[in-house]
Amino acid sequence: MNVVSNQTSATSSNISPPVKVPGGSSAAAANAAAASFAALLEKLDYLDDASIELVRKAYRFADQAHLGQMRNSGEPYITHPIAVAGLCASWKLDAQALSAALLHDAMEDCGVTKADLVTRFGASVAEMVDGLTKLDKLQFDTREENQAESFRKMLLAMARDVRVILIKLADRTHNMRTLSDMPRSKWRRISSETIEIYVPIAHRLGLNQTFRELQDLAFRHLHPWRYATLSKAVNKARGRRRDLVAKVQGEIDLAFSRMGMAVRVAGREKTMYSIYEKMTEKHLSFAKVTDIYGFRVIVPTVTDCYTAIGVLHQMYKPVPGKFKDHIAIAKANGYQSLHTTLVGPAGVNIEFQIRTEEMNVVAEAGVAAHWLYKEVGGAGASSVERMGTKWLQSLLDIQNETRDAAEFWDHVRVDLFPDAVYVFTPKSQIMALPRGATVVDFAYAVHTDVGDHAVAGKINGEQVPLRTELKNGDVVEIVSMEDSHPNPAWLAFVRTGRARSKIRHYLKTMELTESASLGEKLLTQAVRAEGMENLPDEDSQAPIWEKLLRFTGSRTRSELMTDIGLGKRVASIVAKRMALLMSEDGQRPDALLLTRERYSSHETISQGGITLDGSEGASVQYAQCCRPVPGDPITGYLGRGEGLVVHNVRCAVAMKLQAKDGDRFIAVDWAEEPARSFETGIVVTVTNGKGVLARVAAELANSEADIVRVEMEGEAMEETIDLRFLIQVRDLAHLESVLRNLRRTNSVLRVLREIPLAT
């Protein structure tokens, strides 16, 4: 996906023609050199002859495909694929990945098909290029929808083959390096996308060098004035502190040489963006950001890392709380290093990072270190191969449960937070979760079944609620029950994409199952109203169902029942068609049943009735406007796609719906023994005074009514005040008893139930 280039195909009318420059000019020579395969060939010394030939073949194909296309800078378009392949070569990627890098815009911009690439370069190269190609050929309602679908496609391709994202990050890096050639109007959108999406992905995969470069390039184009101002300040500070840095470097070299340790010391400077971020987050001026400079100390072995930290702590005083051991507990992306901040000469804070050579490769290249290790022959290659695989696998898990692209991207974006907390299972296994993760996130990280049946958690042996946030070092244990299920309220506090997608998937599955059950009840009642005792048997009377499904356009019987339960189809219309089909099959309506069902007390209702006890689940909702309780006269409204919504018959909202959409109402009745308590609202007007709320709450408790919520209306200085309670009662008789008891309470002037009555 090439964001910078505005070209779409080699034959398109908006392609700029090749730029004509005088023969022999330095610009033409530079362009020709950049466009030549020789510029890339110099970086391919790690490949064998057969591999280089495959890359050369891909270059020739790409060069021909992009012939006549120019970039905004005036360079031949092929310079971009060559630059992307060059970045991939610096990670020592294989010939297939380099070929895909050269061809990454061929499908999108030049009309090349996937089949062409399979024939010429093999399925692996074609799959990578396809994963990198935007979905411009498809039609989406909004640009955001298009973008979400493109990222979903790219991330899924990346989950199957991590080389896809490495090529994509190289592509975005080169595009950001040349963003100044683009119209300024596009800078903000492209830079925002880079900092919100590609920077976190680079960090999540441990590509530190790419992460830092993309951050700074995006910052430079997102806030050009701030970048220029900060750059000037950093240059001034660099000049003032050059002697200080040289002095510290000299002292470090001397200390380690006395210890006889072979170390490599490199000075490093905070990136512009990280300085800006620190100033913004902590409301600091530039002068107060003291740890701009740092040193990286590379040592031969892990033991030497800990020896080196001792040497440094003897030299300079450590800043309390600033020592972090990322070797014993590696970061989620595989990063390992010891961090410490010391008070150097002149009281300046200096950060040190101590690591081995292998750790340094991983820290800079992340998952790309897998290919680099083939070059350096490091012993850590096998562990590097596993880096990022858990997160990549989780992308496939989320995709299996979330087909909607925007929802998929919402889940994934949650997992791209760079900060993490490290917690332990009861068996001392370390788990990394995003900062702010809760007990529920931990439960789903362990296993889906553990999350689905969680009822509480224990942190360090003490029982805690499921919404409790985890802290570094917590030992977490999950308390589960077999008959417990995910709660929709969990979605308000979970932080990981995995937990969010698993909860939503369960709720959607349950809603569809319950809706199908409700739909079957509604259709059975409606068929009885047509004089037929039962629905036709699915096996012996299969032709009737086949004809009915063709009539409704549903694929399966279950889908039809779900649509009826969700209110997408009216049961009475489907029932009339079914009765007709059953009549054609030789079945005759029962006249007695027809009379009894059609002309019962619900003769104004167009569909059959249904009995409710409160255990129906997500397919039946009790209207928030009137909050009916058992004993109230009720009616049911089949909202389009909302399932069955139950209203009090006197509710003003229900009356309005009845007037404009009467055919969607069905008869509903209460079961003799409701399965649970029901919520209803009451307003208690009281004399304002000390302890009055406590007295009212105590009376509600004595009346066995649970308080769900309470709100107060009115000023503190007024003589009277309204207390609005949301309470749970068993039925209408229980509610009336509660209201009577409240009226006898001291300071209570009036008690009313809240129902928007029709006027």
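The values are calculated or read from the model by the stated rules, or taken from the named source; none is laboratory data. What you are looking at is a predicted structure, and each value in this text was computed from that prediction instead of being measured. FYI the Cβ positions are ideal-geometry reconstructions off the backbone, even for glycines, and counts take in every protein chain you see.
Here are Ala705, Ala667: which of them is in contact (Cβ under 8 Å) with a residue 60 or more places away in the chain and of a type in the set (A, V, I, L, M)?
Answer to the check: Ala667.
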request  = Specify which of the listed residues (Glu672, Glu704, Glu711) is at positive phi and either of a type outside the set (A, V, I, L, M, F, W, C) or not in a helix (DSSP H, G or I) (or both).
outcome  = Glu704
remark   = Turns out the helices (runs of 4 or more DSSP H) fully within the stretch 73-141 with at least 3 residues that are modelled with pLDDT of 85 or more are 79-90, 95-102, 114-121, 123-132
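Would you confirm, using the coordinates I've provided, whether Leu742 is in contact with a helix residue (DSSP H, G or I) (Cβ under 7 Å, 6 or more places away or on another chain), assigned to a helix (DSSP H, G or I) and closer than 26 Å to Ala623 by Cα?
Numbers: in contact with a helix residue (DSSP H, G or I) (Cβ under 7 Å, 6 or more places away or on another chain): yes; assigned to a helix (DSSP H, G or I): yes; closer than 26 Å to Ala623 by Cα: yes.
The answer is yes for Leu742.
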message = Taking the criterion of being modelled with pLDDT under 85 and either surrounded by fewer than 17 Cβ atoms within 10 Å (Cβ to Cβ) or touching an Asp or Glu at 6+ places or on another chain (Cβ under 7 Å) (or both), would at least one residue in the stretch 308-321 satisfy it?
response = yes
message = Can you say whether Ser150 is at pLDDT below 85 and of a type in the set (Ser, Thr, Tyr), as far as the supplied structure shows?
response = yes
note = Asp325 passes all but one of the listed conditions (1) within 21 Å of Asp216 (Cβ to Cβ); (2) among the acidic types (Asp, Glu); (3) surrounded by fewer than 16 Cβ atoms within 10 Å (Cβ to Cβ); (4) at pLDDT 85 or above; the exception is number (1)
request  = Could you tell me which residue of the stretch 165-185 is nearest to Phe211 (Cα to Cα), considering only residues that are among the aliphatic types (A, V, I, L, M) and part of a helix (DSSP H, G or I)?
outcome  = Leu169
ask   = For the stretch 198-245, what are the residues that are within 14 Å of Ile275 (Cβ to Cβ) and of a type in the set (Asp, Glu)?
value = Asp216
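Of everything in the stretch 512-545 that's closer than 15 Å to Arg557 by Cα and of a type in the set (D, E, K, R), which residue is nearest to the chain's Cα centre (by Cα)?
Out of the qualifying residues, it is Glu514.
Does Arg743 qualify as being at pLDDT 90 or above, among the charged types (D, E, K, R) and in contact with a strand residue (DSSP E or B) (Cβ under 9 Å, 6 or more places away or on another chain)?
Details: at pLDDT 90 or above: yes; among the charged types (D, E, K, R): yes; in contact with a strand residue (DSSP E or B) (Cβ under 9 Å, 6 or more places away or on another chain): yes.
Against the criterion (at pLDDT 90 or above, among the charged types (D, E, K, R) and in contact with a strand residue (DSSP E or B) (Cβ under 9 Å, 6 or more places away or on another chain)), Arg743 qualifies.
Residue by residue, here is whether (1) surrounded by fewer than 18 Cβ atoms within 10 Å (Cβ to Cβ); (2) among the hydrophobic types (A, V, I, L, M, F, W, C); (3) at pLDDT 90 or above holds:
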site: Asp663; (1), (2), (3): yes, no, no
site: Ala697; (1), (2), (3): yes, yes, yes
site: Gly714; (1), (2), (3): yes, no, no
site: Ile721; (1), (2), (3): no, yes, no
site: Ile727; (1), (2), (3): no, yes, yes
request  = Mind counting the residues in the stretch 36-62 that are under 38 Å from the mean Cα position of the chain (by Cα) and of a type in the set (D, E, K, R)?
outcome  = 1
ask   = Listed residues Tyr622, Tyr599; which is on the phi < 0 side of the Ramachandran plot, hydroxyl-bearing (Ser, Thr, Tyr), modelled with pLDDT under 70 and not assigned by TED's automatic domain parsing to the domain that holds Leu726?
value = Tyr599
Conditions (1) modelled with pLDDT under 80; (2) farther than 14 Å from Thr438 by Cα: number failed by Asn472 = (2)
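Of all residues in the stretch 679-696, which are part of a strand (DSSP E or B), within 12 Å of Leu723 (Cα to Cα) and either not assigned by TED's automatic domain parsing to the domain that holds Asp722 or not aliphatic (A, V, I, L, M) (or both)? Step through it out loud before you land on a result.
Step one: list which residues in the stretch 679-696 are part of a strand (DSSP E or B), which gives 679-687.
Restricting the remaining residues to those that are within 12 Å of Leu723 (Cα to Cα) gives 681-687.
Result: Gly681, Thr685, Thr687.
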Scope the stretch 629-644; condition within 20 Å of Gly519 (Cβ to Cβ), modelled with pLDDT of 85 or more and of a type in the set (A, V, I, L, M); matching residues = Ile634
